[in-house]
Every structure is written in structure tokens, then in C-alpha cells.
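Read through the structure below, which is laid out as C-alpha cells, and then see the notes.
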């Protein structure tokens, strides 16, 4: 393939990555796939922005445990709910203090004491047009049962409001609705009474708005209900302001997690949530989401920018550009939030991540580069005359995927090398190991085996993979016989020529059966290997030759697969192999030289059958 063709394929692949990354990001956004994660990022934006100055025109009158204790301390009735005569007195106090609006987040749908109920209704009447009363009991046409029904409310000029909180999927409060069953929500009605104007439906996005919280719980200016009842507050505290009366006692279970809550923060009372929501409306909705098309445009842009921008860039530059873009985007999203705009965050990052990963895949696994890499990889451990066949069998992705093959696995180890090498300089040790491995590798490759790994002076090889070999057992036995025969003789002769008075012996184990053979590893490093019980048993058989008087153990599974079993193949016995329930018949070559009863360097040998 010429350079132009490779470039066209690269362009097509990167365009596909760009479209896929942007498309997946938009689809995830449209289906709210990562809704919870997105909400958590909004909470993080509140945290980074920090608390702001609380609204100056709202005061929260708290019915808290401390307020109840304060009432008791002054010998007042502190039972729950508090007597309605107290509510009447508080409304009168707020009216006389100049409150522009009074929003009471308490339920007055049931009759209690007739005299006290009348006191409360009359106090509401005296504050004609200023009072908002809460309820969760709303009929389908927006009617309520406050004070017994709509006629009483109209007579005394009070406005009802619905107080159902809107919970997100994680149980936190971040938004509020415009209405429920045609009855305005508490912050909407409170803001309308406070501003003396109607809040248009167009103010809301899809029926709800984000609450622009001033901060966590206890940020809104507050005062004890008991103090207001007794008139112990600054004369100008409520002048021209909205007074929101409500409970903040955990016993009432009206405390909630909000977007501004962090670990260890107390939950926010419902009435304080309404105070923040009302302030959001009174301040002209300073925080709102951007139009959906803007979010979609951002997702598509971040999904496509890295794939398309990488056409002429080195892959590492593409990765660095992606990281830089992610940082810049994160900062931009926070700046937009600080300025009152909520831009989706998780979905653009998802698209950016997918685009980056896809780009790296295209750049790393280009056909020419990958083919050269696979060729170089297999040239190290596959006979040179079959390398091209191996690479051709790897398929379009130039990887050898895992396949189950019937193979023979060989493990070998040079006995006594550790103690021998302790007396030699490092450079000479490497020379000895390389000489030994070269001899043994030629025997394995000459028999058509695949070198899997060198483990110091140990070798793992497989016959029958990656290319199928019907005679893999014969090939493996031929290689093993050559290794412990002529190849070991040649190595020992080399040792003697270099002035070492030492004769090495080996241990070789053969076992046949199914293995999972294929490439494993990372993008940076890939190795071909064979995994499974067959491999484990071969390794243990090799270890069991130590001290057995034999250098070769052949499992019965290998003997059964031999097409041309040699005449000198003899049974050693049925040996216990660690990890196998039944004893394994083990064979060896009768004409092999017997290994010593030690491990080759004078150390006592392990007992036969111990494995390793």
C-alpha cells in the first residue's frame, strides 16, 4: 500500500472515530445515561464557587429545637405543633415590623382550637395581600383546604402555595418547579407577592429552574421564632423584606441534601431551600442552563477535535492536546457557572475521551506499523520459515487472538546454574546463559516449536501453536531428546573449553492437551503465550525431574499423541502431580543419561513428584 492509500485509510478511520465519539456523547446526553455523574459535577461547581453573600431581602424565621427550648425557658407552650395563637402573633409582629411579604411554610389545613384558629385567620387578614400559606394538599384544579377552603383564603387575602420539593435521582434538591396541579410553587408565589408582579411561565426551563444556592445550610439570614414572638429583634430587620417562617427541626424530617452540601455539612431545612429558590427568582434567575443545542454543539466539538486535529500530529502530541483540552474545558465550564450558565460537563468529556482513545488506536494500530511490530515479535520465537504464515494468520487486526489448540508444552531448566554463576563475573554469566539458550533454542526451533519465554536459564516452548501441527507431540519429544543429548553435550564441551570443571544436567517436562494460545499484554508490550492446565502440568513435570535420576519426564498425554513412539520410551511410574487429582503416568527415554541424585551442584535433590 502506497503512502497516499495509507493516508486515505487513516483519514477515513479518524473521521469514523470523530463521528462515533460525538454520536455516543450526544446519545448519552439525550438519554441522561450519566445523569448522576453530571449532577455531582454541578455540586462540585457550587463548591468551587463557594458561598456568596446571602440575599439581603429575605429573613428565615426558624422554628428550631433551640427556639422551642427558648419558649420553654420563658414558660411558654412549646408543644409540637406550636399553638396557632403564636403563629398569629408572629405574623402580626412581622407585619408591624414592615415585612413586605410573609411566607409561612407550615400546614394550616386541619382545624385545631377554634379560638386560636380564628386568631390566626384574623392575623392573616390584617396582613391582607402579604401572606403566603403552604400546603401539600392540592386538588387537580389547584384548590386547597387551607383554613377550610378557597373562600376563606380569598376573603382574607392570603395566597396558597404548593411545597413539594423536587428531588433528583440521588435524593438531592437542586431545582424547583413552577407549579403543581395549576397551583404555584412556594417560591413562585412568595416572589410574586414580594415583587407585586406575576412570574411568567417562560421564566422556567421545561417547568423547572436550578436553585442558585447562596451557600450550604445556615447561609440565609435567620432569627429564632421565639425571638420574633417576643419582639426581640432589631427594628429594621424585616423592613421591606420577605420573611419566611418554617421549621428547621430534624425531628420533622424536612431537612434535605442540596447541591451545596459537602461531607460533614448539616442538611438544609425545606424552608431555607425555599428561601434560596425565592431569591433565585427575585434576582432575575442568575443561574440557568444553556440551551440544549449549545450542549450538543460542545459535545460534538470535543468528540471530533482530537481525531480531526491528529491528522498531521504525532500520537503523543494528540494525547497531550487532549489532556490540555480537558483542562481548558474544565476551567471554562467553571467560569461559565460562576457567570450564571450551566454547561454540561460529563458528556463532552465522554466524547473527548472516546475520541482520544479512538485516535490513539488508529495511530498506534495502523496496518503498516502493526504488521512490522507483529513480524518482529514472532521472528524472535517462531522458526523463520513460518513467520510469514503466522503473521498472515493474525487477521486484519494483526493480532493473534486467543484460540484453543491441542498442543504439547515443553518446560526446561538447567540444574545447578545458580551456585555455578555465583562464582563468575556478571558479564561471563550472561555469556554462559546466552550460549546455553542458543543451543536449546536451535533444538526447539529446528523441531518447529514456538519459543514462548526465557525465564533465566529456563525455557518455555509450545508445539502446535500458533500454527497447527498434527505431529506436535513427536516434534516436542524430538526437541527434548536433542536438548538433553547432543545440545547439552555441546554446551558442556563449551564449558570445559572455558576452563570450568563442571558438568551440567537438565530437567525437561512435556505435557500435551488443550491450551489457550494467543497474544496478551498492553499496547506497549505484547507477548504470545499458552495458558491452561496443560501448561501448569508440564512445568510441574519439569520440576519433578530434579532428584529423580532422569532428565526427561513425558506425560502419558504426550505419549498417547505420538505418531511414531520411539522404541526406548519406558514408563517411569504413576506419579502424584500437584494440582492433579489422579496420579499421572510418566515416561522417559531409556537411553537418556541418568541425572545425578542431586540437583547438579551438590545440593540435596527434591523428592520425586514434589513439583514446583
Rg/Rh ratio calculated on Cα atoms of the chain (Kirkwood radius): 1.29
Of all DSSP beta bridges with both partners in the chain, the antiparallel percent, nearest 5, is 60 percent
Which angle between 0 and 90 degrees, to the nearest 10, do you get for helix 488-497 versus the longest principal axis of the chain when only C-alpha atoms count? 80 degrees
Expressed as an acute angle from 0 to 90° and rounded to the nearest 10, what is the orientation of the C-alpha long axis of helix 533-544 relative to the principal long axis of the chain? 50 degrees
Most to least packed among 278-289, 23-34 [average Cβ atoms within 10 Å]: 278-289, 23-34
Just to be sure I understand: if I project the alpha-carbon convex hull of the stretch 1-117 onto a plane and average over all orientations, what area do I get in nm²? 15.1 nm²
Highest first, please rank the peptides 567-578, 234-245, 187-198, 507-518 by the mean number of other Cβ atoms sitting within 10 Å of their residues. 507-518, 187-198, 234-245, 567-578
Using alpha-carbon positions, what is the distance between the centroids of the stretch 433-493 and the stretch 324-347, in Å? 60 Å
Relative to the compact globular guide of 2.2 N^0.38 Å, what is the alpha carbon radius of gyration of the stretch 400-589, as a ratio? 1.02
Let me make sure I get this right: for the stretch 79-198, a, b and c are the square roots of the gyration tensor eigenvalues over alpha carbons, sorted descending. Under 1.5 in a/c it's rounded, otherwise prolate if a/b > b/c, else oblate. Which is it? prolate
Contact order relative to length for the chain, counting C-alpha pairs under 8 Å separated by 6 or more residues, stands in percent at 13 percent
How many angstrom lie between the Cα centre of the stretch 38-75 and the Cα centre of the stretch 243-316? 18 Å
Could you sort 535-547, 110-122 so that the peptide with the highest average Cβ count within 10 Å comes first and the rest follow in order? 535-547, 110-122
In degrees, nearest 10, the alpha-carbon axis of helix 292-309 is tilted away from the dominant principal axis of the alpha carbons of the chain by 20 degrees
Computed from every Cα-Cα pair in the stretch 56-282, P(r) in 5 Å bins starting at 0 and rounded to whole percents is 1, 7, 15, 20, 21, 18, 11, 5, 1, 0, 0
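Read-outs: derived from the displayed coordinates by stated rules, not from any lab. What you are looking at is a predicted structure, and each value in this text was computed from that prediction instead of being measured. Heads up, the Cβs are rebuilt from the backbone with ideal geometry, glycines too, and the neighbour counts pull from every protein chain shown.
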